[in-house]
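**Student:** One structure is given below, represented as structure tokens, and several questions about it will come after.
The values are calculated or read from the model by the stated rules, or taken from the named source; none is laboratory data. Everything quoted here is computed from the prediction, not taken from an experiment. Note that we place each Cβ from the backbone using ideal geometry, even for glycine, and neighbour counts take in every protein chain shown. Remember, those area values only see protein heavy atoms, side chains included, never the ligands or the DNA or RNA. Shrake-Rupley method; radii C 1.70, N 1.55, O 1.52, S 1.80 Å.
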Amino acid sequence: QQCGMLGQGVVKDGQVSLTLGTGGFLLTTCKEVPENLDWDVVCNASSAAGNYILEANMLTCTSAMEWCKRNFFREETDFYGKLDDILNGIPAGSHGCMALPYFQGRSTPDWNSEATAEFAGLTLGTTREDMLKALLEGICMEIGNNIASFEKYVPLHKILINGGLSKCEAFNQMQADIYGKPVIRMDNAESTAIGALMVAAVTMGEYADVAEAFDKIREGTGSKEYSVNTEKHAVYEELRAKMNERYLRENA
């Protein structure tokens with residue numbers, strides 16, 4: 001994950017690397033261990049010598065979506081091909097359906113192994129598509145909780161994403177709207193190997209630091225940026241507060 005962070009381009013302050021695989025893994029840089037460091041994040045030594053990183057994670061991303069696909073979309077032969085249309089066809093808030101995405105407990109920010117997943121707000125009008133979008137919204141809002149934890153220690157302005165779920169355009173736009181920060185996906189997503197190369201090249205004296213190594217090794221690599229829809233972000237901030245309130249009631 002640390003090499004992947006560097007390969008993503010998190011070589012300066014203010015950026016977050018987010019890998020969206022079976023789980024969601026977030027890392028950002030900091031120059032020193034924060035004086036106000038609490039238990040809601042993990043602080044570790046960076047693979048870039050002399051720096052530190054903050055880490056957080058969401059235990060179920062693709063694994064939760066696969067659960068939904070297996071149980072509600074079993075007959076759908078082109079599930080991933082239709083995911084963009086499903087997400088774009090349902091408004092923010094999924095017609096009142098909400099999901100708490102704690103299928104394997106909760107890691108950061110409160111290390112609650114007893115937490116479980118939950119759907120709320122179901123009516124006779126709720127569709128399986130509503131539940132799918134609610135689940136993905138819940139995953140992103142939990143990632144948003146972890147980004148908020150990071151911001152207690154370092155200022156952030158950009159989210160750099162990779163991993164399987166980042167191939168979905170509508171999901172990437174939804175992330176930007178939920179996080180309230182631009183989301184960027186690089187064309188070449190093989191970030192871990194590139195980050196390892198960057199560290200090795202700096203250690204061997206080819207480049208002065210990882211920032212220079214990134215610029216040279218990633219030169220010419222394209223990327224796509226997803227800008228924030230401020231109106232949707234306001235809606236999602238209210239939904240995230242409601243999700244957190246519900247979680248606290250269930251886990252008091």
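**Student:** Whole number please: convex hull volume per residue of the Cα set in the range 164-226, in Å³?
**Tutor:** 87 Å³
**Student:** Between the range 59-116 and the range 147-183, how many Å separate their Cα centres?
**Tutor:** Value for the Cα centre distance between the two parts: 17 Å.
**Student:** Determine the per residue accessible area of the range 168-252 with all protein chains present and a 1.4 angstrom probe, expressed in square angstrom. Provide the component values of the computation, followed by the final result.
**Tutor:** On the way: 4720 Å² over 85 residues.
On a per-residue basis, 56 Å².
**Student:** To test your reading of the geometry: what angle, between 0 and 90 degrees and rounded to tens, separates the Cα axis of helix 169-179 from the longest principal axis of the chain?
**Tutor:** 80 degrees
**Student:** Using only Cα atoms, what is the ratio of the radius of gyration of the chain to 2.2 N^0.38 Å?
**Tutor:** Taking the Cα Rg and dividing by 2.2 N^0.38 Å, one obtains 1.02.
**Student:** Residue by residue, what Karplus-based ³J(HN,Hα) values in Hz, rounded to whole numbers, does the range 49-56 have, using 6.51, -1.76 and 1.60 with θ = phi - 60° and x for Gly and Pro?
**Tutor:** 3, x, 10, 10, 10, 10, 10, 8
**Student:** So who's got an amide H within less than 5 Å of the one on N51, skipping anything under 5 residues away but keeping other chains? H placed 1.01 Å off N, in plane.
**Tutor:** For N51, the qualifying residues are S46.
**Student:** Give a residue-ordered list of calculated ³J(HN,Hα) values for the range 192-203 (Karplus: 6.51 cos²θ - 1.76 cosθ + 1.60, θ = phi - 60°; whole Hz; x for Gly, Pro).
**Tutor:** 5, 5, 5, x, 4, 4, 4, 4, 5, 5, 5, 4
**Student:** Give me the percent of the accessible area of the range 67-221 that comes from carbon and sulfur atoms, probe 1.4 Å, all protein chains in place. Intermediate values should be presented prior to the final figure.
**Tutor:** Values: 3610 of 7030 Å².
Whole-percent figure for carbon plus sulfur exposure: 51.
**Student:** Now for a different question. On a 0 to 90 degree scale, rounded to 10, what angle separates helix 62-72 from the longest Cα axis of the chain?
**Tutor:** Once rounded, the angle reads 20 degrees.
**Student:** Ranking request for peptides 4-13, 119-128, 143-152, 212-221: highest mean number of other beta-carbon atoms within 10 Å first, then the rest in descending order. Spell out each step's value before the answer.
**Tutor:** Values: 4-13: 23.9, 119-128: 12.6, 143-152: 19.8, 212-221: 14.5.
The densest-packed peptide leads the list: 4-13, 143-152, 212-221, 119-128.
**Student:** For the range 36-110, what does the accessible surface come to per residue with a 1.4 Å probe? Please give it in Å². Walk me through the numbers before you get to the answer.
**Tutor:** On the way: 3600 Å² over 75 residues.
It amounts to 48 Å² per residue over the range 36-110.
**Student:** Say we join alpha carbon atoms closer than 10 Å with springs in a Gaussian network model of the chain; which of S63, S191, S113 then has the biggest fluctuation?
**Tutor:** The residue that fluctuates most here is S113.
**Student:** Karplus couplings for the range 214-223 from phi (6.51 cos²θ - 1.76 cosθ + 1.60, θ = phi - 60°), rounded to Hz, Gly and Pro as x?
**Tutor:** In residue order, the calculated couplings are 4, 4, 6, 6, 8, 4, x, 6, x, 7 Hz.
**Student:** Shifting gears a bit: Using only helices, what value at 222 nm comes out for the chain when you add -39,500 (n - 2.57) per DSSP H run of length 4 or more and divide by the total residues, to the nearest 500 deg cm²/dmol?
**Tutor:** Values: 8 runs with 100 residues, N = 252.
Value at 222 nm, helices only, nearest 500: -12500 deg cm²/dmol.
**Student:** Next up: Beyond 29 Å between alpha-carbons counts as too far, so tell me which of K152/K216; K12/K82; K82/K224; K69/K216 fall in that bin. The partial results should precede the final answer.
**Tutor:** On the way: K152/K216 32 Å; K12/K82 37 Å; K82/K224 21 Å; K69/K216 41 Å.
With Cα atoms farther than 29 Å apart: K152/K216; K12/K82; K69/K216.
**Student:** Show which aspartates and glutamates lie in cross-link reach of K242 when reach means a straight Cα distance below 19 angstrom and same-chain residues fewer than eight apart are skipped.
**Tutor:** Leaving aside aspartates and glutamates fewer than 8 places away in the same chain, those within reach of K242 are D110, E118, D130, E137, E142, D177, E231, E250.
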